[in-house]
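Have a look at the structure below, then the notes.
The values are calculated or read from the model by the stated rules, or taken from the named source; none is laboratory data. Fair warning: this is a prediction, and the values are worked out from it, not measured in the lab. Positions of Cβ are backbone-derived with ideal geometry, glycine not excepted, and every protein chain shown enters the neighbour counts. These accessible areas exclude ligands, DNA and RNA; they are computed on the full protein's heavy atoms, side chains included. Shrake-Rupley method; radii C 1.70, N 1.55, O 1.52, S 1.80 Å.
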Amino acid sequence: DPRDIDAIYARMDGLLNGHPYVKSALDMACWDLLGKVAGLPVYTLLGGRIRDEVKLFKVISKATPAQMSDKLGEYRDLGFDQYQMKVGGEAAVDIQRIQAVAAGLQAGEALAADANTGWRQHEAMRVANAVNDTGIYLEQPCLSYEECLAIRRNCSLPMILDECMVDLNAIIRAAGDGAADVINLKISRLGGLTPARQARDLCTRLGIALTIEDAWGGEIATAAIAHLSHSAAAGLHFQSSAFTEYNSVCIAAGGPVLKDGFMSVDDTPGLGVTPDFSVLGEPEFSCE
């Protein structure tokens, strides 16, 4: 029963303050085990399969404006129409980067400029003012919530908040302040699928759209992202990321199938992945 995992998580939280990335791995394992015991995929336990496919975005790594613009067409040919470009360096160069990539967008495509907290407030304000007519999304322009809120209040671009969305209180505050149009929900930053499910459902009630992903990972984390995204409310899932696209080492068999800018999982019980312990190595701890 998912309520058992809620109780286990509450006990773990009570015994260990903080350390969400450690808790996330344990929590994912509990959901995987529950699914296997129940004979159900994790997305069923998380609320049911709402969508057949999960929309993906493709990351455009930081480079020269021309190189980043060229990547847009390359990724479009792979089936993507949503993109996240990395910025957060010198403001003047980032303005050129954003303008070059945005100029190549086609109708119906979406682009987020993700600074990963890389700008000071005055730099972010310069960038926002310079690209205000491009229609892109700005993602986490500054380190603090307060700085991001100041940018949000002084530009018309939709805002995605990421690094400062660490718990339910942060989401409630952002909703009250009108600080975010989209929240980037990262499973391990919140501490696992249990709190991520709570955050997803809170955003659903608040009407805030979601990017669902994680801080990083391989096949196991990607499977967790896919299951949480498959069960997200209709109309509020904005996009997700599949880390297996960016990794060269496979740590588990099975998992989401990637095709034409989407990913999907089947009805295999649990997360649908089998860890490869020849790559992961021996366990650090065993209950046996």
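So G218 clears everything in (1) buried (at least 21 other Cβ atoms within 10 Å of the Cβ); (2) closer than 25 Å to N169 by Cα except one condition, right? Which one?
Single failed check for G218: (2).
Out of (1) surrounded by fewer than 22 Cβ atoms within 10 Å (Cβ to Cβ); (2) more than 22 Å from K259 (Cβ to Cβ), the odd one out for G108 is which?
(2)
Suppose we keep only residues that are open to solvent by 70 Å² or more (accessible area, probe 1.4 Å) and touching a residue at least 12 places away in the same chain (Cβ under 8 Å) within segment 256-278. Which one would you say is nearest to G217 (Cα to Cα)?
T274
Results for (1) modelled with pLDDT of 95 or more; (2) under 29 Å from Q99 (Cα atoms); (3) under 15 Å from the mean Cα position of the chain (by Cα), shown as yes or no for each residue.
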residue	(1), (2), (3)
N129	yes, yes, no
E147	yes, yes, no
R153	yes, yes, no
V166	yes, no, yes
A180	yes, yes, yes
I183	yes, yes, yes
L190	yes, no, yes
A215	no, yes, yes
A226	yes, no, yes
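Looking for something farther than 19 Å from G89 by Cα, part of a loop (DSSP other than H, G, I, E, B) and hydrophobic (A, V, I, L, M, F, W, C) - is there at least one such residue anywhere in segment 136-145?
No, that holds for no residue.
Those residues that are in contact with a helix residue (DSSP H, G or I) (Cβ under 6 Å, 6 or more places away or on another chain) and within 13 Å of A128 (Cα to Cα), I need them from segment 158-175; list them, please.
M159
Can you name the strands (runs of 3 or more DSSP E) wholly within segment 156-255 that have at least 1 residues being free of Cβ contacts under 8 Å to residues at least 60 places away in the same chain, closer than 24 Å to D6 by Cα and among the polar types (S, T, N, Q)?
Result: 182-186.
For segment 1-12, what are the residues that are without any contact (Cβ under 8 Å) to a residue 24 or more places away in the chain and either touching a Phe, Trp or Tyr at 6+ places or on another chain (Cβ under 6 Å) or surrounded by 14 or more Cβ atoms within 10 Å (Cβ to Cβ) (or both)?
I8, M12
Report, ordered by the first and then the second residue, all pairs with beta carbons closer than 8 Å, sequence separation of six or more or different chains, a first member in segment 105-127 that is among the small types (G, A, S), and a second member that is open to solvent by 40 Å² or more (accessible area, probe 1.4 Å).
These pairs meet every condition: G108/D81; A110/D81; A110/Y137; A112/Y137; A113/Y137; A124/E147.
Run C203 past the list (1) under 28 Å from V37 (Cβ atoms); (2) in contact with a strand residue (DSSP E or B) (Cβ under 7 Å, 6 or more places away or on another chain) and report the number of the one that doesn't hold.
(1)
Suppose we keep only residues that are farther than 9 Å from A91 by Cα and β-branched (V, I, T) within segment 120-135. Which one would you say is least open to solvent (accessible area, probe 1.4 Å)?
V131
Looking at I251, is it farther than 18 Å from R49 by Cα, open to solvent by 30 Å² or more (accessible area, probe 1.4 Å) and of a type in the set (A, V, I, L, M)?
So I251 fits the description; yes.
Take segment 253-288 and flag every residue that is among the small types (G, A, S) and closer than 19 Å to Y43 by Cα.
A253, G254, G255, S264, G270, G272
Could you check, for segment 81-88, whether at least one of its residues is open to solvent by less than 30 Å² (accessible area, probe 1.4 Å), at pLDDT 95 or above, within 23 Å of T211 (Cα to Cα) and among the hydroxyl-bearing types (S, T, Y)?
Yes.
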